[in-house]
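Written out below as structure tokens is the structure these notes cover.
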Amino acid sequence: MTPGGRGRLIGCGLVLTAIVSTACSEATASDPPSTPSVAATTAASHLDARGLRYKESLTGAGIPALPDDTVMALANGICGQLSEGTDEATILAHLTPMAQFASATSDIGLTTEQVAQVYLDAAEANYC
């Protein structure tokens, strides 16, 4: 990961806290970033079936693998906003900073808007 990439990853974590209205633990914030594959994390994963489907749908769309805690925070945040009646445009705006990071690190050239839409659509289809 590039030196600027770690800063963007931490910034994405901060955006996630705004989405789900919770703070990350100090241990999570201080852990070094990693990019495990879905296959590598499945054996030791603490995702439930819905979380695993959500994570697999994201990686299947070409979005780089996320840590399980991030997947759960993302899915819960999106579904929580949907259940509260938040409009799609607002949710997509909240997802933009994280989508920018994923777009920059994606190997298949997804735009920021496409990544944000994948986050939302995959949560609706596989988690909410």
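The values are calculated or read from the model by the stated rules, or taken from the named source; none is laboratory data. These figures come from a predicted structure and were not determined experimentally. Every residue, glycine among them, receives a Cβ derived from its backbone with ideal geometry; neighbour counts consider all protein chains shown.
Each row is one residue, and each column tells you yes or no for (1) modelled with pLDDT of 95 or more; (2) surrounded by fewer than 19 Cβ atoms within 10 Å (Cβ to Cβ); (3) in a loop (DSSP other than H, G, I, E, B); (4) under 12 Å from the mean Cα position of the chain (by Cα).
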| position | (1), (2), (3), (4) |
| --- | --- |
| 35 | no, yes, yes, no |
| 39 | no, yes, no, no |
| 64 | no, yes, yes, yes |
| 69 | no, yes, no, yes |
| 78 | yes, no, no, yes |
| 86 | yes, yes, yes, no |
| 92 | yes, yes, no, no |
| 102 | no, no, no, yes |
| 123 | yes, no, no, yes |
field: Residues being charged (D, E, K, R) and closer than 16 Å to residue 127 by Cβ - total across segment 58-109
entry: 4
field: Any chance residue 116 is crowded, with 18+ Cβ neighbours inside 10 Å, small (Gly, Ala, Ser), in contact (Cβ under 8 Å) with a residue 24 or more places away in the chain and under 12 Å from residue 55 (Cα atoms)
entry: no
